[in-house]
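Structure first, then comments.
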Amino acid sequence: MEKYKNVYVLNHPLIRHKLAIIRNKDTDTKQFRDVVKELATLMAYESFKDVPTQEITVETPLEITTQTVVKENSIAIVPILRAGLGMVDGILSLFPAAKVGHIGLYRDEETLEPQEYYCKLPSKIEEKVVMVVDPMLATGGSACDAIQMLKKRGCKRIKLMSIIAAPEGVDKVAKTHPDVEIFVSTLDRCLNEHGYILPGLGDAGDRIFGTK
Ligand code: PRP
Ligand code: URA
């Protein structure tokens with residue numbers, strides 16, 4: 001995004017195709033969940049392009065060679081509950097050894113302020129690249145609070161991955177945390193009076209877990 005150096009809109013035709021599926025109100029819970037997971041994998045490919053690496057020795061059937069692999073113990077994924085859970089397996093499919101932490105936040109329906117109810121993070125998280133995941137970045141309140149909680153724990157390399165973002169949310173996170181890279185697959189038009197993203201996809205948590 002031109003306005004901010006730390007915001008990336010991952011505008012790939014395959015991502016746009018899958019976005020159209022999850023936006024559709026007639027997409028059922030199973031397909032919604034499957035496509036959220038696939039989007040997380042596609043987004044991870046791009047968002048982790050500066051992942052820490054290390055050299056290892058590999059013996060091919062013909063000779064010994066030095067190869068580059070993802071550095072051991074270097075990545076943590078932190079979903080914001082509930083909806084962020086839907087993105088975890090998509091990232092783990094690329095980084096099966098990543099550790100997973102959980103931050104529980106829900107938006108107060110009146111004030112839209114995030115309320116914390118859970119936090120369990122992997123040990124030595126401060127040494128890892130931490131990817132916060134939440135499909136929806138609306139006012140940005142939840143993402144800002146989650147990032148602040150991680151910074152309090154000493155995390156220095158934090159990224160945020162959200163499938164759909166509103167300009168209001170991107171502004172808030174980019175200004176409050178200019179050191180955090182923000183990866184989104186689309187920047188939607190605006191928020192409505194209830195804090196929902198337009199055109200958006202509705203309530204991501206409800207659509208992933210079939211709760212409405
Ligand atoms: C949704 C969404 C984000 C948050 C985004 O969660 O998954 O966490 O709202 O809104 P914000 O940017 O304005 O903070 P919600 O609070 O509905 O909880 P849920 O995932 O448990 O449904
Ligand atoms: N949370 C959602 O799940 N959807 C929105 O549009 C905004 C916040």
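In table form, for the structure just shown:
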quantity	calculated
Residue count for the stretch 63-86, restricted to those that are within 9 Å of ligand 1 (Cβ to nearest atom) and part of a loop (DSSP other than H, G, I, E, B)	3
Single residue of ILE103, ILE147, ILE163, ILE158 found to be without any contact (Cβ under 8 Å) to a residue 40 or more places away in the chain and not in a helix (DSSP H, G or I)	ILE158
Only listed residue being touching a Phe, Trp or Tyr at 6+ places or on another chain (Cβ under 7 Å) and within 9 Å of ligand 2 (Cβ to nearest atom), chosen from ARG107, ARG207	ARG207
Answer residue from the stretch 151-180, given it is surrounded by fewer than 19 Cβ atoms within 10 Å (Cβ to Cβ) and touching a Ser or Thr at 6+ places or on another chain (Cβ under 8 Å) and is nearest to LYS124 (Cα to Cα) among those	LYS172
Meets criteria (away from ligand 2 (no atom under 16 Å from the Cβ), of a type in the set (D, E, K, R), farther than 25 Å from GLY140 by Cβ and at pLDDT 95 or above) for LYS71	yes
Residue tally, condition within 16 Å of ligand 2 (Cβ to nearest atom) and either in contact (Cβ under 8 Å) with a residue 40 or more places away in the chain or within 16 Å of the chain's Cα centre (by Cα) (or both), over the stretch 183-193	5
Answer residue from the stretch 87-105, given it is farther than 15 Å from PRO122 by Cα and under 10 Å from the mean Cα position of the chain (by Cα) and is farthest from ligand 1 (Cβ to nearest atom) among those	ILE91
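Residue by residue, here is whether (1) closer than 18 Å to MET87 by Cα; (2) within 14 Å of ligand 1 (Cβ to nearest atom); (3) among the small types (Gly, Ala, Ser) holds:
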| site | (1), (2), (3) |
| --- | --- |
| CYS144 | no, yes, no |
| ILE147 | yes, yes, no |
| LYS156 | no, no, no |
| GLY169 | no, yes, yes |
| ASP179 | no, no, no |
| CYS190 | no, yes, no |
| ILE197 | no, yes, no |
| PHE209 | yes, yes, no |
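The values are calculated or read from the model by the stated rules, or taken from the named source; none is laboratory data. Because the structure is predicted, anything quoted here is derived from the model rather than measured. All Cβ positions, even for glycine, are placed from backbone atoms using ideal geometry, and neighbour counts span all protein chains on display.
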